[in-house]
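What follows is one structure encoded as structure tokens, with my remarks underneath.
Here, each number is a calculation from the coordinates, and none is a lab measurement. Nothing here was measured: the structure is a model prediction, and the numbers come from that model. Note: ideal-geometry Cβ built from the backbone for every residue, glycine included; neighbour counts use all protein chains shown.
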Amino acid sequence: MQYPEPIARLIASYMNLPGIGQKTATRLAFYTIDMKDEAVNDFAKSLLSVKRDLTYCSVCGNITEDDPCEICADTTRDHSIILVVEEPKDVMALEKMKEYQGLYHVLHGVLSPMEGTGPEDINIPSLIKRLENEEVKEVVIATNASTEGEATAMYLSRLIKPAGIKVTRLAHGLSVGSDIEYADEVTLSKAVEGRTEI
Ligand SMILES: [Zn+2]
């Protein structure tokens, strides 16, 4: 039996989401049919709003409603230190611990020769521009402890250090392969505190 077109389309949409297979997508689609009109409306509006009302900060690359973002625009933060992460969700995780007072830079990926991702393909050129124009004393590299994350850290270190800027790496309280977004707040603040120069 074929599902009516609107249901088939909704199932296909749910299946585009990560970790959702046919079975779950079908269950969600039928659940949606049973939802109140108002709830479905709100759901659809939130989906559109994350695309329409959010943008990337032109300074740090983080997701934001205003450009520059709240963090970059905050003059009470320490603008002499920049913590480099792979994804916007890493910023959210680090902000949750409320201890780090510096700025961020979001790469939106890592260097990967295997996948053909070079420095120009991720947010590295804009980081270099920031370092040229702002008074930055330290760059903390918080890419994940994966092979690509380590290679990206080494690349950045070699690029930045000659400019006389201190380059540090998060302490390995984070085990290999463990992503920042999954680390708890205590582990994260220890990793930031115990960062070492590379
Ligand atoms: Zn920003």
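The table below gives the values:
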| quantity | calculated |
| --- | --- |
| Global form of the range 97-186, assessed from the alpha-carbon gyration tensor, a/c cut-off 1.5 | oblate |
| Dipole magnitude of the chain about its Cα centre (Cβ charges: Lys, Arg +1; Asp, Glu -1), debye to nearest 20 | 340 debye |
| Dipole of the chain, positive end: most advanced residue of Ala12, Pro113, Val91 [Cβ charges, Cα centre] | Pro113 |
| Ascending count of other beta-carbon atoms within 10 Å, so fewest first, for Thr64, Thr32, Thr55 | Thr55, Thr32, Thr64 |
| Rg in Å to one decimal, and Dmax rounded to a whole Å, for the range 13-124 via C-alpha atoms | 18.5, 53 |
| Prolate/oblate/rounded call for the range 5-52, Cα gyration tensor, a/c under 1.5 rounded | oblate |
| Candidates per GluC sites (Glu not before Pro) in the range 73-104, loop by DSSP, up to 13 other Cβ within 10 Å | Glu99 |
| Rg [Å, one decimal], Dmax [Å, integer] - the chain, C-alpha atoms | 20.3, 68 |
| Cross-link table Lys45/Lys129; Lys36/Lys96; Lys89/Lys166; Lys129/Lys166; Lys129/Lys190, entries beyond 27 Å C-alpha to C-alpha | Lys45/Lys129; Lys36/Lys96; Lys129/Lys190 |
| Spatially proximal aspartates and glutamates relative to Lys161 (Cα-Cα < 17 Å; intrachain offsets below 8 disregarded) | Glu132, Glu134, Glu135, Glu138, Glu150, Glu197 |
